[in-house]
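The values are calculated or read from the model by the stated rules, or taken from the named source; none is laboratory data. On a predicted model such as this, the values are computed, not experimentally measured, just so you know. Glycine gets a Cβ as well: all are built from the backbone with ideal geometry, and neighbour counts include every protein chain shown. Areas reflect the complete protein model, heavy atoms only, side chains present, ligands, DNA and RNA absent. Shrake-Rupley method; radii C 1.70, N 1.55, O 1.52, S 1.80 Å.
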Amino acid sequence: MTLMTGKEYIESIRKKHMQVYMFGKKIESPVDDPVLRPSLNSVRMTYDLAQQPEYEELMTVTSALTGEKINRFTHIHQSTEDLMNKVKMQRLLGQKTAACFQRCVGMDASNAVFSTTYDVDQKYGTKYHENFVKFLERVQKGDLTVDGAMTDPKGDRSQPPHKQADPDLYLHVVERRADGIVVRGAKAHQTGFINSHEVIVMPTIAMGEEDKDYAVSFCCPTDAEGIFMIVGRQSCDTRKMENAPMDTGNPEFGGTEALVVFDNVFIPNEQLFLNGEYDFAGVMVERFAGYHRQSYGGCKVGVGDVLIGAAALAAEYNGCAKATHIKDKIIEMQHLNETLYGCGIACSALGTRTASGNYLIDLLLANVCKQNVTRFPYEIVRLAEDIAGGLVVTAPSEKDMRDPKLGKYIDKYLCGVSGVSTEDRLKVLRLIENLCLGTAAVGYRTESMHGAGSPQAQRIMIARQGNLEMKKELAKAIAHIDQ
Ligand code: SF4
Ligand code: FE
């Protein structure tokens, strides 16, 4: 089997024995939980679309490892075309889910670890690349979903890992055995961990010799002994438990994040990708971050497409679609959104081949892409709220709308243009609320700020990659300055 159906995927996750906690309780069947299910549905779409002939070219690709047809989410990029197709695929998924579909993290981690393990082996004679390739073959053959876990809790941000008051604030090796290592720590903001079969763990910052035990990377099943997750709250999350799908704004899809604790987890040697080679921690981080910053030029654009469409519909339903200022605001939203896409495509088009053979994005442009993502979705959200009007946050609940006494008043007083039902008008406003302020705001708004690294992380990379010295020389040459 190289391609699972969406249904098979769901059943495969159902079989896992993940330790998931939420609202102070252990969730016995996360797959069936109304709060968590929409996030599983988003990942399911990465399987469903791969089965549809019209998306085959974007969603599937021939594996360079096995020669078989695989889902692009498990692929090692072989060309700049692959890099561009990745971004296009992410835009498509954003359009189809209006949520974070989670599976990109493992794809980005895989491509970063693929090239980094190759480089580590070249320098130290280790066998990490072989370990990784074996893992990836299994992932591709099983069409597995893989999470990528990078972000440590970090405690006191002014101190490196080994100087933290609590040594577990960065995930680290606590025991070395002949057959493997034992690790302890946690990874925060874990997108999609709960819907993944496996996880690739990576360090979160560049490290020095004293942080050796923290320079660790490996894969393991998400239900390995000692792993448990505490699901993060989202604004309006309990609306999903109310049996009033309209009030959620996006009844089918969503995203989820969790704090994942690794409480003395044993990792066999064959699953190690880095174990003390601290000089490569920064390289791995930089590459993963680069790929994930490219990703945002796809996924956020797709979700932006839905929000722009929703704003345009709201304007139509309100009867103001022809107003010049509304038209102009929608043009502005599109301009901002396509600028993000332009950055995602550009850093892909200028990608280069690594020593290991896969393709890496242009790091400067990928960081510029993500830096823009920390800003533009906020402006797109502002414009959407402007166009939609205040009802986005004052509309009554679905239950009141269905109430035999109240429903007719809601229908009468909250209508828009004739020919459009009040219900449809409210549905589109709820979708806007969901994207701007509700559960999807995690994935569209705040994640645009902090996901794949907070804005300052990109500015550091822009400073490093921007080649200012060369630019000074250009100025000197033009001004005829000899010094
Ligand atoms: Fe994929 Fe975007 Fe979610 Fe990251 S934030 S996992 S790139 S959908
Ligand atoms: Fe993300």
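Cysteines of the chain lacking any other cysteine Cβ under 4.7 Å from their own Cβ: CYS100, CYS104, CYS219, CYS220, CYS236, CYS299, CYS320, CYS347, CYS415, CYS436. Legend: residues GLU210, GLU175, sorted from most to least accessible area (1.4 Å probe; ligands, DNA and RNA excluded), read GLU210, GLU175. Along the axis of the charge dipole computed for segment 348-412 (Cβ charges of +1 for Lys and Arg, -1 for Asp and Glu, origin at the Cα centre), the listed residues PRO377, ASN367, MET401 are led at the positive end by MET401. Using Cβ point charges alone (K and R +1, D and E -1), the dipole size of segment 253-376 about the Cα centre works out to roughly 480 debye. When both segment 66-135 and segment 231-258 are represented by their alpha-carbon centers, they are found 29 Å apart.
Ellipticity at 222 nm from helices only: DSSP H runs of n ≥ 4 in the chain, each -39500 (n - 2.57), divided by the residue count, give -15000 deg cm²/dmol. Charge dipole of segment 1-119 (Cα centre as origin; +1 on each Lys and Arg Cβ, -1 on each Asp and Glu Cβ, all else neutral): 440 debye, rounded to the nearest 20.
May I ask for the net charge around SER421, where only other residues with Cβ less than 11 Å from the Cβ of SER421 are counted and Lys, Arg are +1 while Asp, Glu are -1? It works out to a net charge of -1. Taking every protein chain into account, the accessible area of segment 153-221 amounts to 39 square angstrom per residue (probe 1.4 Å). The share of accessible area on segment 284-466 that comes from carbon and sulfur is 57 percent, using a 1.4 angstrom probe. Think of the chain as a dipole: +1 on every Lys or Arg Cβ, -1 on every Asp or Glu Cβ, centred on the Cα centre; then among ASN195, SER418, ILE27, SER418 lies furthest on the positive end.
Rg and Dmax, both from the Cα atoms of segment 1-148 and both in Å, are 16.4, 49. Counting Lys +1, Arg +1, Asp -1, Glu -1, what net charge surrounds MET84 among other residues with beta carbon under 13 Å of its beta carbon? Taking every Cβ under 13 Å from that of MET84, the sum is 0.
Here the gap between THR2 and GLU338, fully extended at 0.36 nm per residue and compared with their Cα-Cα distance, gives a gain of 117.6 nm. Using the 1.4 Å probe convention, the accessible area of segment 269-404 works out to 37 Å² per residue with neighbouring protein chains retained. Could you name the lysines whose alpha carbon sits less than 22 Å from that of LYS187, not counting residues in the same chain fewer than 8 places away? Within the straight-line limit of under 22 Å, LYS187 reaches these lysines: LYS16, LYS25, LYS26, LYS154, LYS163, LYS212, LYS370. For segment 74-151, the number of Lys pairs separated by eight or more positions or lying on different chains, with C-alpha atoms closer than 27 Å, is 8. Applying the criteria of a DSSP loop state and at most 11 other Cβ atoms within 10 Å to the trypsin sites (Lys or Arg not before Pro) of segment 133-211 yields ARG157. Taking 23 Å as the straight-line reach from the Cα of LYS408, the lysines in range (excluding those fewer than 8 positions away in the same chain) are LYS399, LYS427.
Placing a label point 7 Å from the Cα of TYR55 along the Cα-to-Cβ direction, the residues of segment 242-270 whose backbone N falls under 20 Å from that point are 250-256.
Roughly how many percent of the accessible protein surface of segment 32-110 is carbon and sulfur, given a 1.4 Å probe and a whole-percent answer? Of the solvent-accessible surface of segment 32-110, carbon and sulfur hold 44 percent.
Each peptide among 380-386, 351-357, 299-305 gets the average number of other Cβ atoms lying within 10 Å of its residues, and from highest to lowest they stand as 299-305, 380-386, 351-357. For the chain, the Cα gyration tensor yields ellipsoid semi-axes of 39, 28, 21 Å (square root of five times each eigenvalue, largest first, whole Å). Given +1 at the Cβ of Lys and Arg, -1 at the Cβ of Asp and Glu and no other charges, the dipole of the chain around its Cα centre is 840 debye to the nearest 20.
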